[in-house]
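Asks: One structure is given below, represented as structure tokens, and several questions about it will come after.
The values are calculated or read from the model by the stated rules, or taken from the named source; none is laboratory data. Keep in mind it's a predicted model, so treat the numbers as computed, not measured. Virtual Cβ from ideal backbone geometry, glycine too; neighbours counted across all protein chains shown. Quick note on the areas: whole protein, heavy atoms, side chains included, nothing else; ligands and nucleic acids left out. Shrake-Rupley method; radii C 1.70, N 1.55, O 1.52, S 1.80 Å.
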Amino acid sequence: MVRQIILTILLLNAQICFANMASPITKGTSSGSAFSSRDIDILSETIHIKVSPDFKTASFKVDYRIQCKADGRQIPLLFLAQQYSGDFKVRVDGQHVNVQDVPAKYDFSQGSPFFQFSQAFPDRISHGEAATTIIHWDEQSGSLYQLRDLKYFETSLRKGVHQIQVEYIASTWVDRSAWVKVYSLPYALMPAKYWNSFGTLTIALDASGFSKVLQSNLGKPQRGRMDAIAYWSFDKLPLDYLQISYTPEISNVLAKILIQLTPDCLSLFLGLLLMILHLFWLIRHKRVNPGQRMNRHLLLGSIIVPFLGILCYLYSFELIDQLIGPEASRFHGYTFLVWVIYPVLVLGYWLICNAFLLLFAKKGEVKQ
């Protein structure tokens, strides 16, 4: 019988085990403000973001107005752009330039074409020339990047003011750590900390093609509306990162109620209800059969009731996910590990029920 119970547990939880072994975060595009050479000043950065109707992608157009300090062929900006869709396009004064990945062999040593960017990578690795910088995508975590993670272009610039435009399609990140998926578009602003000077930053968010209202960590727009075109302008760096996000609403009333009750409370309620019914049956059966021992019935209930309570806990997640629909996260951690406490629940249940039976016996309700 024990072997059958163990086999049943393994079969019932196979799907749950495999469904919860991954990370709750599905990363989309990682991008941000450019890293600036010491040879230029960035006078302004204008970020145009237009989200798609399903908020799965967004087009980014970033305009930089720069002041070049010297004539000649140089690398004015470095870009972080990973997992974007299509092409990563860069224009300098309206002319398209070729963008390349930074080769791993390059470093920040004197004479390197990337020496002018060394201030943006303050953390040296093993006292060598390779260096890193941390870019934050949310409040809790950041990612470590090296020079070879970036893109660059090389062009001839005259001393004076120039326009650089960057275009690409970004895909959204998906956070499944809560009951409902949270979609977001992060954009790192912190590279601007290493610019020679900070001019102005303008952000234009076009959500006119999206039917829901978006949220932003920049707060309310200074002009426009979040469900149309919103604008923000700054003369200093407002945050380390910009985040535009959308959280689908739960329309099913029953799903909202069950989420408030939580799987813990649902399984506890079921367990208590089954315990009361079990005790009632034991007492009634003992009255009808006063000479019959109850040990076997008590042990069987001690095995079955905690088992059903754990199943209620595990499959209440699936029930709530079904009620939420396609936007359910379906990620709830290592819930199957609840089976670790199953022996403790069996023992605890047996002790509690046995104590109740002894109490009733002393009161003359049950004679053992």
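Asks: If Lys193 meets every condition in (1) in contact with a strand residue (DSSP E or B) (Cβ under 8 Å, 6 or more places away or on another chain); (2) under 18 Å from Thr46 (Cα atoms) apart from one, which number is that one?
Replies: The one condition Lys193 does not meet is (1).
Asks: Which numbered condition in (1) of a type outside the set (Gly, Ala, Ser); (2) touching a strand residue (DSSP E or B) at 6+ places or on another chain (Cβ under 9 Å); (3) under 22 Å from Ile244 (Cα atoms) is the only one that Ile164 fails?
Replies: (3) is the only condition that Ile164 fails.
Asks: Considering only the range 326-341, how many residues are crowded, with 16+ Cβ neighbours inside 10 Å and not charged (D, E, K, R)?
Replies: 8
Asks: So if I check each of Pro103, Pro113, which one is part of a loop (DSSP other than H, G, I, E, B), more than 26 Å from Ser245 (Cβ to Cβ) and open to solvent by less than 60 Å² (accessible area, probe 1.4 Å)?
Replies: Pro103
Asks: Only one of these is in contact (Cβ under 8 Å) with a residue 24 or more places away in the chain, closer than 23 Å to Ser171 by Cα and either open to solvent by less than 20 Å² (accessible area, probe 1.4 Å) or of a type outside the set (Phe, Trp, Tyr) (or both): Leu323, Leu239, Leu311. Name it.
Replies: None of the others qualify; the one that does is Leu239.
Asks: Could you look through the range 48-76, keep only residues that are hydrophobic (A, V, I, L, M, F, W, C) and more than 15 Å from Ile164 (Cβ to Cβ), and pick out the one that is farthest from the chain's Cα centre (by Cα)?
Replies: Ala70
Asks: Then there's this: Name the strands (runs of 3 or more DSSP E) wholly within the range 163-263 that hold at least 2 residues that are within 19 Å of Lys50 (Cβ to Cβ)?
Replies: Result: 182-188, 198-206, 229-234, 241-246.
Asks: In addition: List the pairs whose first member sits in the range 143-167 and is among the acidic types (Asp, Glu), whose second member is open to solvent by 40 Å² or more (accessible area, probe 1.4 Å), and whose Cβ atoms are under 7 Å apart, counting only residues at least 6 apart or on separate chains?
Replies: What qualifies is Glu154/Arg73; Glu167/Lys61; Glu167/Lys89.
Asks: Let me ask something else about it. Can you confirm whether Ser184 is surrounded by fewer than 16 Cβ atoms within 10 Å (Cβ to Cβ) and among the hydroxyl-bearing types (Ser, Thr, Tyr)?
Replies: No.
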